């Protein structure tokens with residue numbers, strides 16, 4: 001069958017704009033579904049399209065409101081499975097609860113594993129996601145997981161800016177591998193900042209390994225949540241003689257207060273992708289640039305549908 005005859009792509013409530021862009025790339029319409037609430041607040045979803053024997057994809061990010069969007073995804077998966085879809089893929093551009101992936105103290109849950117179990121039990125046959133906070137989260141699932149990266153999109157943008165005297169700074173040790181990939185693609189130098197997290201919103205940055213004096217700086221991470229790490233790192237490199245400071249991240253979460261902290265910081269430009277739709281106060285940031293990952297996600301969906309290689313996209 002042709003692509004548009006056997007594939008159905010549905011959008012949850014979290015990011016319909018991204019779904020529309022993906023469907024435009026694929027040349028297929030967004031699947032028809034009703035998402036409503038009962039008077040008591042319970043959500044009900046009804047597919048308006050026939051999905052029997054079809055290859056179905058549900059696009060839903062785990063962004064704010066996190067729990068509501070997660071439950072909606074689970075209901076959507078169950079709906080499609082009970083409607084006799086041949087295969088159901090949960091497309092989760094931003095995977096929520098990914099940071100709760102271990103017991104770092106006593107009497108706490110491993111919520112990332114719980115979410116993986118819920119998605120599987122709800123009826124997902126496979127998961128397509130982007131830039132997990134920790135790559136080992138793929139092992140939490142007992143179904144296939146396709147893990148995509150937004151780095152090609154971000155690298156292409158920064159390469160087009162032709163930044164001279166570029167140093168890629170890893171804002172912490174854990175981000176070193178990511179920074180090394182940007183060094184490879186952008187031909188910059190590498191520097192590392194040693195940091196210590198004091199609390200959820202406070203970070204202490206220590207010494208810098210590498211040269212930042214007289215250099216333009218690019219710092220990349222998988223997400224910007226409180227922006228504490230990036231703002232502190234920007235202050236440190238500026239104190240050590242850095243020129244312009246650029247920030248790149250896949251997921252622009254921007255928790256409460258983050259947008260204002262960035263506006264007050266020494267950062268010249270912040271670049272994120274549309275895995276998460278931005279709030280109005282974040283959109284007002286003059287130094288914010290949002291890139292789309294719709295083509296990468298769309299190409300991955302097409303390859304899954306045709307049983308083609310996903311890893312070949314990044315070779």
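Tabulated values for the structure
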quantity: DSSP beta bridge pairing in the chain, given as percent antiparallel to the nearest 5; calculated: 20
quantity: Zone of residue 83's modelled label, taken as backbone nitrogen in region 9-39 under 12 Å from a point 7 Å along Cα→Cβ; calculated: 9-12, 31-35
quantity: Extended-chain gain in nm, criterion 0.36 nm per residue less alpha-carbon gap, residue 17 and residue 64; calculated: 15.4 nm
quantity: Percentage, to the nearest whole number, of Cα pairs in region 1-108 over 18 Å apart; calculated: 52
quantity: Value at 222 nm in deg cm²/dmol, rounded to 500, when DSSP H runs of n ≥ 4 in the chain each add -39,500 (n - 2.57); calculated: -9000 deg cm²/dmol
quantity: Set of region 126-146 residues, backbone N closer than 18 Å to the point 7 Å along the Cα-Cβ line of residue 103; calculated: 140
quantity: Ratio of the Cα radius of gyration of region 151-291 to 2.2 N^0.38 Å, where N counts its residues; calculated: 0.95
quantity: With Cα atoms, 0 to 90° folded angle of helix 228-239 axis to the chain main axis; calculated: 20
quantity: Nearest-ten-degree value, helix 111-122 long axis tilted from longest Cα axis of the chain; calculated: 20
quantity: Two-site label geometry, residue 290 and residue 38: point separation in nm, points 7 Å out along Cα→Cβ; calculated: 3.4
quantity: Long-range Cα-Cα pairs in region 61-138 (distance over 18 Å), rounded percent; calculated: 40
quantity: Computed E for residue 48/residue 279 - FRET, C-beta separation, R0 35 angstrom, nearest 0.05; calculated: 0.70
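Each value in this text was obtained by applying a stated rule to the coordinates, not by laboratory testing. As the structure is a prediction and not an experimental result, all values here were calculated from the model. Neighbour counts are summed over all protein chains in view; Cβ atoms, including those assigned to glycine, are modelled from backbone coordinates with ideal geometry.
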